[in-house]
Structures are given as structure tokens and as C-alpha cells.
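Enquirer: Quick one: structure below, then a few questions.
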Number of protein chains: 2
Amino acid sequence: MSAKSANDPRPLLGGIEAGGTKFVCAIGTGPEDIRAEERFETATPEVTLQRAADFFRRHPRLPEAIGIGAFGPADLDPDSPTYGHITSTPKTGWDYVDIAGYLQRYLDVPVGFDTDVNAAVLGEHTWGAGQGLGNLLYLTIGTGIGGGALLNGVLVRGLLHPEMGHLIVPRAPGDEFGGVCPYHGACLEGLATGPAIAARWGRSAQSLPRDHAAWGFEAHYLGIAVTNLILAFSPERIILGGGVMQQRHLFAAIRNNVQTNLNGYLGHPYLTRSINSYIVPPGLGSRAGVLGAMVLAQNALDQRSTRPEP
Amino acid sequence: MSAKSANDPRPLLGGIEAGGTKFVCAIGTGPEDIRAEERFETATPEVTLQRAADFFRRHPRLPEAIGIGAFGPADLDPDSPTYGHITSTPKTGWDYVDIAGYLQRYLDVPVGFDTDVNAAVLGEHTWGAGQGLGNLLYLTIGTGIGGGALLNGVLVRGLLHPEMGHLIVPRAPGDEFGGVCPYHGACLEGLATGPAIAARWGRSAQSLPRDHAAWGFEAHYLGIAVTNLILAFSPERIILGGGVMQQRHLFAAIRNNVQTNLNGYLGHPYLTRSINSYIVPPGLGSRAGVLGAMVLAQNALDQRSTRPEP
């Protein structure tokens, strides 16, 4: 039996949003009860994972389980010898790093593992903008673009895991920019991330005024991606997060473009009069990923407790 | 209790692939045991549904349940007052026709209901090219284009149901054709169905020689659609069926285009050396839909038997 506070029956959970540019660690029982939190830049695996492990070890009480939402590509297949590893990432030093194994050995508690965007969609489903919805999509647009999907209440993993950032999208009229994706040049990620915007215009996305042509292109690309994801998944809600979506004016422009793209084809009220509550920002803000990782921790704990003793 | 043959414990099932251009009805216990089958053109709802019902009534033994895989858009929500109906179809006379209700009242057996493409993916999962795979995609390219998806072993329905035919795809270089989709002009369905090919070249798709430019365009559009669906769903296999895919040479061209599009990004062997068994024709041929409808019938029967008596 694990030690619990006499007053609180909920287990203490640890979450790690292990992103390619930053790590977010938190400990608590849910969004209203975060007992400690730390954010730091992603450095070498040794330094970064040690810092994450120390965060939990430093806390007066070790969490009963931790969850990790990792940048990809990551191995999610529990039967694979590299389960819990980052796999063939171009990020220097991180290829085939055993994130889940490292933390499991260091902390000796059950560890849940999934992608950062699957964690985010799970967090939003549990506590955020997707509560009660079994079919939910989360797209983050920041340094990279990634998507997580919940269908029939279960996370989509599949052969590897979704890689929605690399969707092929038609060019916006007048956009001659070659794109920044090292694999595909002008795929969605090559055209619509923060770094892509900066490379195209020679200045940071945040510094571009609201009436700059950049935002028309951005709404074009994200509008097409969201339209295609609606046609593919038929989700009950789409959540758009990440640094680029801090430009709140993009929401109205993307919703308009989705309606223009669909041209009345899907007559559901969610896509017509209720579209403002269909394409939405994350309810958990920038904590969607780390809180979702805490749900992964809870799931790891539940799995352990339903498994027969060896 | 329902009557069963003394020699065969498997229930007798009825399937209807209710397509927009043709209906296929069958009765049996599986692909190796089809006892009767009938195909006829889709006419008015009265004539067509009566003919389907008569097919089953004529058989010496009524099936214990029937399943219907219907053209869309269709209402799949069991809690909706229009569950089992075709909804806002442009097909004359068919909007808001209660297909499932009609057959249930006429035959008085449990009725399963889903889209034709969801039925097809279920059929392929049970008896065809997707056996043992929980994450499977089926795309049919014929008079229209539609897609069905199985994820974690469960059919994707969502808010409405997937509408993969209307995905937005970048134009092939040199293709100026405006497309035939009444909603979107040059969406996937507007550019790549049999009727779209015929409208673009002024002759039927079947009559075009293998070296005709039409097939390069076709492989371009289907290659992009398949690439984007792989990135979105991460399926374990993709099955391409329908009349247009009778042009078997398209398979090699689509596989090549998918690999060119991905450019090595997803390093999984299924997408490299094993791609010939990753993007495949249906194992059940043109019976995927009607056999899948029989699986829907089986599911309806299972649901009834696990439900408590009223």
C-alpha cells in the first residue's frame, strides 16, 4: 500500500511534459491542486532527465506514479524492446533515449508513457475543454506542430502514432516560401510553426502586427489542416494550443476558413452556429500537457492495481 | 431462442451494402458460406428498400439479424431521433429516409447500422486483408470516395462520421480541371472519382489506356490522401477498394508517391520495404461492404443477447 494523506483519498501524481524545447514537471492531484511545478529548457538527456528526477525526489512525498508525455517520434508499443524511448529524432543526443526506463529506475514507481500531444488531449478530456467528449482532437502549433486524438474515449496510437504536423497542404495563393521542414520543406510544419513564420518574414512571429499578411497565410494553412482533420476524424471538438495560438485573433480566422472550406457540406450545428465552441483554445492553457501526463500516471497506477500480483 | 440449423452453430446473418448507386444484399454466415446474394441499382427508396426486404423474406429461413452499411451522410447516433436514417443527401428522394427502421419493421429482427465504408473496414478486419489489425483504414474510390476507420478495434464514428472523400488536396502540377464536387469543386472527390476522371478527359475511366496522363493525376491525388491519412491515423494497414482501384497499376504508383511524399520521415519498415503489404486491395474484393454488413448484424445480435430482458 502506498502512503496517502489522511484527508485526501486521491493519489499524488507526477507529470512530465517532455517537450523538444522545454520540460514541464508537476506534482499534485489535479489542476486545482498542483503542489509543485518546474519548467526548464530541454538540454542533453543526462542533464534534463536528472533534473526531472530530482524535481520529484526533492518533493516531501514521492508521487505514487508518474506519467510522461514525450516529444516524438516515440515508441508507444508496450511489447517493443524500445518501449518508452524517443526513437529516430533529429534532436541531437536524444535518439533512442529511454526516457520511461530512466525515470522508472530512478524513482521506482509505475510510469505511464505517451506522446506530449496525446497527453494534452487526455488532460483536456479529463479536466479541460473536452470533458465528457469521447472524440476529441488536440493540435499544438508552436516550435513544431503535433496532434493527439482521442476516439471512443481511447488515445489513438496505431502503427507508430499520429504525425499531424507533417500533413501536406495546398499552398496559399501568393506564398512562395519554401518551408523549413528538413524532411518535406513545405508541409504544414514547414509552413506554419513559429520558426517557419520567423524564417519567412525575417522577424519573430510575436513581433508581427495583427494586420500582417503572415496571419492570413497562417489561417489558410491551419484552416485547411483543421478542415481535413474534421473530415478524417469527425471529432466532437478541436482544441488548438501552443505558442502560435496565443495570437487569439487566429481562432476567428481559422473558424471562418473552415466554414468556407466545408461550404455547408457538413450541416451539423457545431460547424455552423456553434463553431465558436467547436474550435477552441485549451481549457488548461499551457498546462494541458503536464496535467495530461498526470492522467497517464493515474492510468499506470490503475493498471498496476488491476494486474494480479506476481 | 432463435431457430438454428442442427449442424451449424453459427447464426444466419443478412447484410445490405446500401450504396448510392447500387445495393448488394447477401445472406449467410461468412465469406465461405454465402447462401444467396443479389445486386441491383439504387432506385427510389420505396422500390429499393422493398426489393431488399423481399430478398430476405424470399429466403427459406429469415436471418437472425441484419446489418446495413449505408451511403452517407447517415445518422449513427443511437440516441438521435433520426438514428438509422440517411440524412442530408443530395440524392433525390433519399434525404431523411429511415433505412434501418424500414427494414426492422418489415423483417422484425435486430438491425445493425453504420456507413458503407465502416462496414467495409469491419468486413476486412473480420475476414479480409485486415485480420488481427486493430488500426485499419479502408478507402473506396469509385462513383464517390469514402473512408472508414477502425481504431483500437472500434469503428470511428465521432460527431457525424468520417467524410474522407472531401479532403482538400494540393493540385497536381498542370491540372487545371475544376473538379466535379457540387460542394467543393476540386476536393479529393471532385478530382479523383470515376465520374471526375470521365468529366476531365471526356471518356470513361475504364477506356483510358494505362499510359494516359489521367493515371499520373490519379496517383498524385490518391498518394496525397493516403499520405495524409497515414499521418493522421497511423493505421497498421490501408485498404484501397472501389471501381477505380480495379486499375491495379495504380497501387504501385500510389505506394511510390506515398514514399516520395514522406521522404523517409516515418522509418517504419511497413512504409519502406514492406509497403506492398501495407497499401493493399481488399481481401474480400467487391464483397467487403456486404460482408461487413453481416458483421454489423452479428454485433446487433450480440448486443441484444447481452441486454437484459425487458
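Enquirer: So A:V109 ticks every box in (1) open to solvent by 10 Å² or more (accessible area, probe 1.4 Å); (2) modelled with pLDDT of 95 or more; (3) within 28 Å of A:T82 (Cβ to Cβ); (4) within 14 Å of another protein chain (Cβ to nearest Cβ) but one. Which box is left unticked?
Expert: Just one mismatch for A:V109, condition (4).
Enquirer: Shifting gears a bit: Before we move on, is B:G147 within 13 Å of chain A (Cβ to nearest Cβ), touching a strand residue (DSSP E or B) at 6+ places or on another chain (Cβ under 8 Å) and modelled with pLDDT under 95?
Expert: No.
Enquirer: Looking at (1) open to solvent by less than 10 Å² (accessible area, probe 1.4 Å); (2) part of a helix (DSSP H, G or I), which is the only condition B:P235 fails?
Expert: Result: B:P235 fails condition (2) only.
Enquirer: Looking for whichever is modelled with pLDDT under 95 and more than 15 Å from B:S277 (Cβ to Cβ) here; the options are B:G264, B:G216, B:G223, B:G241. Which one fits?
Expert: Going through B:G264, B:G216, B:G223, B:G241 in turn, just one is modelled with pLDDT under 95 and more than 15 Å from B:S277 (Cβ to Cβ): B:G264.
Enquirer: Then there is this: Which of the residues spanning the range A:180-193 are within 11 Å of chain B (Cβ to nearest Cβ) and either under 20 Å from the mean Cα position of the chain (by Cα) or part of a helix (DSSP H, G or I) (or both)?
Expert: A:C181, A:C187, A:L188, A:E189 - these are the residues of the range A:180-193 that are within 11 Å of chain B (Cβ to nearest Cβ) and either under 20 Å from the mean Cα position of the chain (by Cα) or part of a helix (DSSP H, G or I) (or both).
Conditions tested, residue by residue: (1) crowded, with 24+ Cβ neighbours inside 10 Å; (2) away from every other protein chain (no Cβ under 13 Å); (3) under 30 Å from B:L266 (Cα atoms).
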| site | (1), (2), (3) |
| --- | --- |
| B:D175 | no, no, yes |
| B:P195 | no, yes, no |
| B:A198 | no, yes, no |
| B:R203 | no, yes, no |
| B:L208 | no, yes, no |
| B:E218 | yes, yes, yes |
| B:A225 | yes, no, yes |
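Enquirer: Condition check: within 28 Å of B:H161 (Cα to Cα), surrounded by fewer than 21 Cβ atoms within 10 Å (Cβ to Cβ) and within 14 Å of another protein chain (Cβ to nearest Cβ). Does A:L159 satisfy that? Full working, then the answer.
Expert: Numbers: within 28 Å of B:H161 (Cα to Cα): yes; surrounded by fewer than 21 Cβ atoms within 10 Å (Cβ to Cβ): yes; within 14 Å of another protein chain (Cβ to nearest Cβ): yes.
So A:L159 fits the description; yes.
Enquirer: Out of the range A:218-242, which residues are acidic (D, E) and in contact (Cβ under 8 Å) with a residue 60 or more places away in the chain?
Expert: Within the range A:218-242, A:E236 is the sole residue that qualifies.
Enquirer: Mind listing whichever residues of the range B:194-218 are among the acidic types (D, E) and in a helix (DSSP H, G or I)?
Expert: The one that is among the acidic types (D, E) and in a helix (DSSP H, G or I): B:E218.
Enquirer: With respect to A:G28, determine if the residue is over 17 Å from the mean Cα position of the chain (by Cα) and in a strand (DSSP E or B).
Expert: Here the answer is yes, as A:G28 does meet what is asked.
Enquirer: Turning to a different aspect of this structure: Inside the range B:73-88, can you point out the residues that are within 11 Å of another protein chain (Cβ to nearest Cβ) and closer than 21 Å to B:V47 by Cα?
Expert: Selection gives B:P73, B:T87, B:S88.
Enquirer: Would you point out which residue out of A:N257, A:N276 is in a helix (DSSP H, G or I), within 12 Å of chain B (Cβ to nearest Cβ) and either without any contact (Cβ under 8 Å) to a residue 60 or more places away in the chain or out of contact with any Gly (no Cβ under 7 Å at 6 or more places or on another chain) (or both)?
Expert: When all the criteria are applied, what remains is A:N257.
Enquirer: Restricting to the range B:87-102, give me the number of residues that are assigned to a helix (DSSP H, G or I) and either in contact with a Phe, Trp or Tyr (Cβ under 8 Å, 6 or more places away or on another chain) or open to solvent by 30 Å² or more (accessible area, probe 1.4 Å) (or both). Outline the logic, then answer.
Expert: Kept after step one, since they are assigned to a helix (DSSP H, G or I), are these residues of the range B:87-102: B:99-102.
Right, trim to either in contact with a Phe, Trp or Tyr (Cβ under 8 Å, 6 or more places away or on another chain) or open to solvent by 30 Å² or more (accessible area, probe 1.4 Å) (or both) and you get B:99-100, B:102.
Summing the residues that are assigned to a helix (DSSP H, G or I) and either in contact with a Phe, Trp or Tyr (Cβ under 8 Å, 6 or more places away or on another chain) or open to solvent by 30 Å² or more (accessible area, probe 1.4 Å) (or both) in the range B:87-102 gives 3.
Enquirer: Same structure again: Is there a residue in the range A:70-86 that is at positive phi and surrounded by fewer than 20 Cβ atoms within 10 Å (Cβ to Cβ)?
Expert: No - not one qualifying residue is present in the range A:70-86.
Enquirer: Let me ask something else. Output the residues belonging to the range A:269-289 that are open to solvent by 20 Å² or more (accessible area, probe 1.4 Å) and under 17 Å from A:M245 (Cα atoms).
Expert: Passing the criteria: A:N276, A:S277, A:P281, A:P282, A:G283, A:L284, A:G285, A:S286, A:R287.
Enquirer: Also, quick follow-up: Kindly indicate whether A:G14 is among the small types (G, A, S), in contact (Cβ under 8 Å) with a residue 24 or more places away in the chain and not in a loop (DSSP other than H, G, I, E, B). Don't jump to the end; show me each part of the working.
Expert: Details: among the small types (G, A, S): yes; in contact (Cβ under 8 Å) with a residue 24 or more places away in the chain: yes; not in a loop (DSSP other than H, G, I, E, B): yes.
Yes.
Enquirer: Next question. Does the range B:227-241 hold any residues that are within 13 Å of chain A (Cβ to nearest Cβ) and not polar (S, T, N, Q), and which are they?
Expert: Quick first cut of the range B:227-241, residues within 13 Å of chain A (Cβ to nearest Cβ) only: B:227-238.
If the condition is that a residue be within 13 Å of chain A (Cβ to nearest Cβ) and not polar (S, T, N, Q), then B:L229, B:I230, B:L231, B:A232, B:F233, B:P235, B:E236, B:R237, B:I238 are the ones that fit.
Enquirer: Kindly list the number of the only condition in (1) touching a Lys or Arg at 6+ places or on another chain (Cβ under 7 Å); (2) without any contact (Cβ under 8 Å) to a residue 24 or more places away in the chain; (3) closer than 27 Å to B:N135 by Cβ that fails for B:L76.
Expert: (2)
Enquirer: Please enumerate the residues belonging to the range A:34-53 that are acidic (D, E) and open to solvent by 60 Å² or more (accessible area, probe 1.4 Å).
Expert: Once the filter is applied, which keeps residues that are acidic (D, E) and open to solvent by 60 Å² or more (accessible area, probe 1.4 Å), the range A:34-53 yields A:E37, A:E41, A:E46.
Enquirer: For the subset of the range B:244-254 comprising residues that are open to solvent by 50 Å² or more (accessible area, probe 1.4 Å) and part of a helix (DSSP H, G or I), which member is nearest to B:V226 (Cα to Cα)?
Expert: B:A252
Enquirer: Looking at the range B:126-156, which of its residues are open to solvent by less than 10 Å² (accessible area, probe 1.4 Å) and over 28 Å from A:S274 (Cβ atoms)?
Expert: Passing the criteria: B:G130, B:L136, B:L137, B:L139, B:I141, B:L150.
The values are calculated or read from the model by the stated rules, or taken from the named source; none is laboratory data. It should be emphasised that the depicted structure is a prediction, and the values quoted were computed from it without experimental measurement. Ideal geometry is used to build each Cβ from the backbone, glycine not excepted, and the neighbour counts take in all protein chains shown. Surface accessibility is based on the protein's heavy atoms, side chains included, excluding ligands, DNA and RNA. Shrake-Rupley method; radii C 1.70, N 1.55, O 1.52, S 1.80 Å.
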